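Participant: Once you've had a glance at the structure underneath, I'll fire off some questions.
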Amino acid sequence: MSTASRLPLRCWAEIDLAVLERNLRLIRASLPDHMRYVAVIKADAYGHGLPQTAARLMHAGADLFAVANLAEAAALREIGPGWPVLLLSPLLPEEDRHVLDYDVAVTISSEAEVTRLDNAARAAGRTLTVHLKIDTGMGRLGVWYEKAPALYLKIREATHLRLAGVFTHFSSSDDDAVFTAEQRRRFLNALQACPDIDLAALLIHADNSAGLETIEVAGPFNAVRVGLLQFGIIPHAGSLLAQVQAEPVFSFHTRVALVKQLPAGTAVSYGRTCSLKRDSTVAILAAGYGDGVPRAASNRGHVLIRGKRCPILGRVTMDQTIVDVTDVPGVETGDPVVLVGHQQGEQIGLTEFSRWADTIPWETLTSVTKRVPRLYRTSLGL
Ligand SMILES: *Cc1c(COP(=O)(O)O)cnc(C)c1O
């Protein structure tokens with residue numbers, strides 16, 4: 001162990017792997033048995049740590065992993081040589097030959113990719129597994145749905161590609177059920193227009209976490225791609241998702257580094273955005289935007305100290321955040337502080353924390369910086 005790793009922690013994240021496992025089991029239990037579970041673990045498993053998270057998810061029954069890029073696929077290969085992996089992002093041309101080294105399934109959106117990847121696979125004397133992605137209104141990856149049957153045929157003609165799945169992605173499943181239904185309809189129509197397609201032999205998937213709210217279990221859908229919900233964050237207030245009772249895996253912590261008195265009228269922290277209305281006791285916390293406390297939470301957010309909500313005063317700075325503890329008796333240097341999570345019956349949720357910074361939980365989780373160690377908990381009896 002290095003000297004630094006034996007030092008007390010100033011700001012850290014706790015990742016509860018037992019809760020992660022329970023979440024996956026709860027989500028699975030809410031779905032019909034035939035639904036395959038694609039665990040989405042891009043961006044270092046939404047900041048939770050890819051190796052630790054992937055190992056636990058595989059143990060809990062994930063069928064396939066989805067990652068954004070080849071570096072993430074390579075990291076996954078290090079820990080689980082035989083685990084099936086789907087690459088969600090398009091490949092750069094120079095990456096084509098590497099994809100064969102990692103034995104991952106590739107997402108295809110265009111004829112150019114079919115030609116390129118078929119050539120790369122032929123040159124390597126191998127067959128490459130692919131999933132056809134259909135753009136049903138997201139306007140990002142995938143072939144536009146009206147052109148999907150032609151691309152499907154092109155893949156079938158490619159001698160060194162093997163089609164293993166067809167999928168789409170919802171653009172607004174968290175707030176627009178009508179458009180989501182339209183996307184489902186476009187997707188199903190596109191599938192039907194693919195000549196001789198054997199749907200039962202393919203992985204047919206559309207639903208992300210929010211999509212589960214309106215999932216169609218009767219149609220050809222036989223897999224889901226779950227990211228946020230497995231980490232215990234409910235992407236919107238739908239009743240079905242709430243029933244799953246997933247719980248947050250991530251919590252965010254720091255310590256009080258200094259307590260001091262300041263007179264009324266003091267302008268706290270950079271920018272003179274906050275002038276104290278009364279004589280105040282403030283606590284200086286050992287975390288700032290250099291750790292992932294968003295600067296946009298300045299003068300807006302709260303933290304928990306001694307089980308009480310304490311408002312952020314002035315600007316969040318790189319290494320420090322200042323909070324008002326005038327109404328919290330006995331605050332001392334060294335006190336534990338919860339930025340996201342529970343403390344003595346009070347709680348700050350990731351969604352609330354994200355709202356202070358006008359952002360979404362996905363961005364908050366992937367904005368916790370490298371300076372912040374992740375501590376892994378592995379038992380339920382906490
Ligand atoms: C990130 C991602 C998901 C997972 O989305 P969540 O809303 O986090 O569940 C699913 N599918 C694709 C294509 C993605 O990029």
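Participant: Can you divide the C-alpha Rg of segment 250-377 by 2.2 N^0.38 Å and report the result to two decimal places?
Facilitator: On the way: Rg = 13.7 Å, N = 128, 2.2 N^0.38 = 13.9 Å.
This ratio for segment 250-377 stands at 0.99.
Participant: Using only alpha carbon positions, build the gyration tensor of the chain, then give the equivalent ellipsoid semi-axes as the square roots of 5 times its eigenvalues, largest first, whole angstrom.
Facilitator: Equivalent ellipsoid of the chain: 45, 21, 19 Å, largest first.
Participant: Sticking with this structure for a sec: Suppose every K and R has +1 on its Cβ and every D and E has -1 on its Cβ; what is the size of the dipole of the chain about the Cα centre, in Debye to the nearest 20?
Facilitator: Roughly 880 debye, rounded to the nearest 20.
Participant: A further question follows. Taking Cα atoms, how many degrees apart are the long axis of helix 70-79 and the longest axis of the chain, rounded to 10 and kept between 0 and 90?
Facilitator: 80
Participant: Measuring from label point to label point, each 7 Å out along Cα→Cβ, what is the Lys260 to Ala296 span in nm?
Facilitator: The modelled label-to-label distance comes out at 3.0 nm.
Participant: Mind pulling the angle between the C-alpha long axis of helix 50-60 and the longest principal axis of the chain? Nearest 10 degrees, somewhere in 0 to 90.
Facilitator: 60
Participant: Checking the cross-link filter: which lysines have an alpha carbon closer than 26 Å to that of Lys147, excluding same-chain neighbours under 8 positions apart?
Facilitator: Candidates past the 8-residue exclusion: Lys133.
Participant: Along its three principal axes, how long is segment 31-232 when you only count alpha carbons? Whole Å, largest extent first please.
Facilitator: Cα spread of segment 31-232 along its principal axes, largest to smallest: 45, 41, 28 Å.
Participant: Can you find, among Thr115, Ala267, Ala242, the residue farthest towards the positive end of the dipole of the chain? Put +1 on the C-beta of Lys and Arg, -1 on that of Asp and Glu.
Facilitator: The one lying farthest along the dipole's positive direction is Ala267.
Participant: Provide Leu188, Leu153 in ascending order of the number of other Cβ atoms located within 10 Å of each residue's Cβ, fewest first.
Facilitator: Listing Leu188, Leu153 from fewest to most nearby Cβ atoms yields Leu153, Leu188.
Participant: Any idea what the alpha-carbon Rg over 2.2 N^0.38 Å comes to for segment 256-328?
Facilitator: In units of the globular-protein estimate, segment 256-328 measures up at 0.98.
Participant: Placing +1 at every Lys and Arg Cβ and -1 at every Asp and Glu Cβ, with all other atoms neutral, what dipole size does segment 229-382 have around its Cα centre, in debye to the nearest 20?
Facilitator: Roughly 260 debye, rounded to the nearest 20.
Participant: Here's another thing I want to ask about it. What whole-number distance in Å separates the alpha-carbon centres of segment 193-231 and segment 22-83?
Facilitator: With segment 193-231 and segment 22-83 each reduced to a Cα centre, they are spaced 16 Å.
Participant: Once both axes come from the Cα atoms, what is the angle between helix 17-29 and the longest principal axis of the chain, in degrees from 0 to 90, rounded to 10?
Facilitator: 40
Participant: Answer with one residue from Leu188, Phe221, Leu163: the one whose Cα lies farthest towards the positive end of the charge dipole of segment 31-232, charges on Cβ with Lys, Arg +1 and Asp, Glu -1.
Facilitator: Leu163
Participant: Place a +1 charge on the Cβ of each Lys and Arg in segment 24-150 and a -1 charge on the Cβ of each Asp and Glu, then give the dipole magnitude about the Cα centre in debye, rounded to the nearest 20.
Facilitator: 320
Participant: Here is a further query. At a Cα cut-off below 22 Å, give the lysines reachable from Lys370, other chains included and same-chain residues fewer than 8 away excluded.
Facilitator: Lys42
Participant: To continue, here is another question. What is the extension gain from Gln245 to Asp103, computed as 0.36 nm multiplied by their sequence separation minus the C-alpha to C-alpha distance, in nm to one decimal?
Facilitator: That pair, Gln245 and Asp103, stretches by 47.6 nm at full extension.
Participant: While we're on this one: Tell me which aspartates and glutamates have Cα within less than 14 Å of Lys154's Cα, excluding those fewer than 8 residues away on the same chain?
Facilitator: Glu111, Glu113, Asp118, Asp196
Values in this text are rule-based calculations from the coordinates and carry no lab data. Please read these numbers as outputs of a predicted model, since none were measured by experiment. In this analysis, Cβ positions are derived from the backbone assuming ideal geometry, glycine residues included, and neighbour counts consider all displayed protein chains.
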